[in-house]
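The values are calculated or read from the model by the stated rules, or taken from the named source; none is laboratory data. Small disclaimer: the values here were computed from a predicted structure and weren't measured. Here the Cβ positions follow ideal geometry from the backbone for every residue, glycine too, while neighbour counts run over all protein chains shown.
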Amino acid sequence: MLKNRIIVFDTTLRDGEQAPGAALTSQQKLEVAYQLEKLGVDVIEAGFPIASPDDFKGVSLVASSIKKSMVCGLARCLKPDIEAVRGSLKKAKRPRIHVFLATSKIHLQYKFKKPENEILELAVNALRLAGKYFDDVEFSPEDATRTDRNFLYRVVEAAIKNGAKTINIPDTVGYSYPQEMYDLISGIRNNVPNINKAVIAVHCHDDLGLATANTLSAVMAGARQVHCTVNGIGERAGNASLEEVIMALKVRRDGLGDYTMRIKTEEIYKTSHLVSTLTGFSIPYNKAVVGKNAFRHESGIHQDAIIKQRDTYEIMDPKDIGVGETELVLGKHSGKHALKKRLKELGVILEDEKLAGVFKEFKELADKKKEIFDDDLIALAQERLKDYKKGYELISIKIVAGTDIVPVANVKVKDGKKILENESTGDGPVDACYRAIDKITRLTPKLVSYKLNAVTRGKDAQGMARVEIRVKNERFSGLGTSTDILEASVKAYLDAINRVKA
Ligand code: KIV
Ligand code: ZN
């Protein structure tokens, strides 16, 4: 391994997907994975297979489809977890297991109620088992930044001795700051005798807004693998954002160091938008690197200077992250081949029958909407990528609503060959539709969350609704898109219900 090669470990599909409300279906995970591979990430952490059958399925699907990037699954130091990763990565071309165990006093005392030597033993046994199944093993002492240094050194040394090829140092609760992180990584390099046999990685959370800074500090101290997520999504305040870490390393190579990476930065913008569309987490306008305003200049003085010399007020060329090159894609007169090609470029590969369906909807959309953007296409493809076989399909909605009347909705759906119809009043038009659907399906799910976003800009933009419902303590998410927001909302609800049925 080259001394200055940075390995990019993307955990959008694992830590990112742990963000409340960000759940992705297996098919959506695969779409993101294809795009991450195109972006050039070295490792895709695809999930935590023991967590649920859905997670297992998602990791397996990614593992059997991704060829260039390594595919990784997460496991606690428990036999069933390691076996689940083994099962889900069976078809992976380049598999990796990521085993973790908390090592900080607070976790030992309250979570495990175990002393240090027992924790060490748990880690060693798990690593030995993982080593029987995998050549590539990564180990994380969870909450490393709050772990007693001497114990941390002992754990890291034992992990390497027992087969860990990568040692990841997580700042699990986003507690550290750049100087401390620098000292921590330097301390590990100076005090762990076998550290040269492993790559040091870093995994920073953003609770204090320091995840990117801490990651860069770790790199300056000698870490050579960075854990990050697209748009910084993840547990609580999220993880170090991939686009920030990558662009900081690229733009400031003069000061941070001259590193090599496999990342194709021109794919960043597209990746960021895909993740935002699929998770329903919109990108703040002022988000570094990928926010709408990141390359917009409002003040006249700035605009004037930019025209004269771009880098007076721009430290990155927007083209370097893929902004402005491919945003406006297809129009009313585009053919099926152009659509197929563009979808493929976006990482969406559809069978002919599904492509024909998307094409039909694309033409209908082009009649309603002046400009069709990448995100519109992704949203249309989403409808076809729903990975259950049967379900309720919307035929029509009729609504009577107004500011001073109780709304009434009539919903008609198809279930196989059966046509079902019912109506209800509600607290608003969406609620009325959902109650009518509950009467049809005879399910009474609890609506956990409901979100509506515009897919692209403009008054004629498509609305994308995301719902999460709970049925008997299990959660199911649904997605629906349409230029009519009520239709989008109903489609999302039916999508979630179909997942219950599946
Ligand atoms: O934040 C964390 O500590 C983690 C571990 C599983 C690496 O996500
Ligand atoms: Zn984490």
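Values as computed for the structure displayed
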item: Restricting segment 441-456 to residues that are in contact (Cβ under 8 Å) with a residue 40 or more places away in the chain and assigned to a loop (DSSP other than H, G, I, E, B), the residue that is surrounded by the fewest Cβ atoms within 10 Å (Cβ to Cβ); result: L443
item: Matching option when the condition is part of a loop (DSSP other than H, G, I, E, B) and either touching a Pro at 6+ places or on another chain (Cβ under 7 Å) or outside the structural domain of Q35 (by TED's automatic domain parsing) (or both), among D375, D438, D460, D431; result: D460
item: Count - residues of segment 343-394 that are among the hydroxyl-bearing types (S, T, Y) and at pLDDT below 85; result: 1
item: Filter result for K264 (more than 16 Å from ligand 2 (Cβ to nearest atom), basic (K, R) and in contact with a Leu (Cβ under 7 Å, 6 or more places away or on another chain)); result: yes
item: Some residue of segment 177-192 being small (G, A, S) and under 22 Å from the mean Cα position of the chain (by Cα); result: no
item: Any hit, segment 395-418, residues being modelled with pLDDT under 95, under 30 Å from N231 (Cα atoms) and either in a loop (DSSP other than H, G, I, E, B) or out of contact with any Cys (no Cβ under 7 Å at 6 or more places or on another chain) (or both); result: no
item: Qualifying positions in segment 470-495 - modelled with pLDDT of 90 or more, of a type in the set (A, V, I, L, M) and under 21 Å from A23 (Cβ atoms); result: A488, V490, A492, L494
item: Lone qualifier among F9, F100, F56 - being of a type in the set (F, W, Y), within 16 Å of ligand 2 (Cβ to nearest atom), within 30 Å of A381 (Cα to Cα) and modelled with pLDDT of 95 or more; result: F9
item: Top-ranked residue in segment 124-149 [being touching a Ser or Thr at 6+ places or on another chain (Cβ under 8 Å) and assigned to a helix (DSSP H, G or I); ranked as nearest to ligand 1 (Cβ to nearest atom)]; result: A144
item: Looking only at segment 239-268, and only at residues there that are of a type in the set (G, A, S) and within 24 Å of V323 (Cα to Cα), the one that is nearest to ligand 1 (Cβ to nearest atom); result: A240
item: All helices (runs of 4 or more DSSP H) inside segment 172-258 with 3 or more residues being hydrophobic (A, V, I, L, M, F, W, C); result: 178-191, 211-221, 242-251
item: Selection status of K3, more than 30 Å from A221 (Cβ to Cβ) and either surrounded by 24 or more Cβ atoms within 10 Å (Cβ to Cβ) or of a type in the set (D, E, K, R) (or both); result: no
item: Matching option when the condition is within 16 Å of ligand 2 (Cβ to nearest atom) and modelled with pLDDT of 95 or more, among D148, D206, D183; result: D206
item: Residue in segment 216-235 that is within 16 Å of ligand 1 (Cβ to nearest atom) and over 24 Å from the mean Cα position of the chain (by Cα) present; result: no
item: Residues satisfying the stated conditions in segment 163-179, i.e. closer than 18 Å to N239 by Cβ, away from ligand 2 (no atom under 13 Å from the Cβ) and surrounded by fewer than 22 Cβ atoms within 10 Å (Cβ to Cβ); result: Y177, P178
item: Residue in segment 62-71 that is within 22 Å of the chain's Cα centre (by Cα) and either in contact (Cβ under 8 Å) with a residue 60 or more places away in the chain or not assigned by TED's automatic domain parsing to the domain that holds G16 (or both) present; result: yes
item: Qualifying strands (runs of 3 or more DSSP E) (wholly inside segment 1-117; at least 3 residues being away from ligand 1 (no atom under 13 Å from the Cβ) and out of contact with any Leu (no Cβ under 9 Å at 6 or more places or on another chain)); result: none
item: Residue check for L216: under 26 Å from D81 (Cα atoms), without any contact (Cβ under 8 Å) to a residue 60 or more places away in the chain and more than 16 Å from ligand 2 (Cβ to nearest atom); result: no
item: Candidates S140, S69, S65, S88 - the one that is buried (at least 16 other Cβ atoms within 10 Å of the Cβ) and closer than 30 Å to E180 by Cβ; result: S140
item: Output for segment 276-289, where each listed residue is of a type in the set (A, V, I, L, M), closer than 25 Å to G480 by Cβ and not in a helix (DSSP H, G or I); result: I283
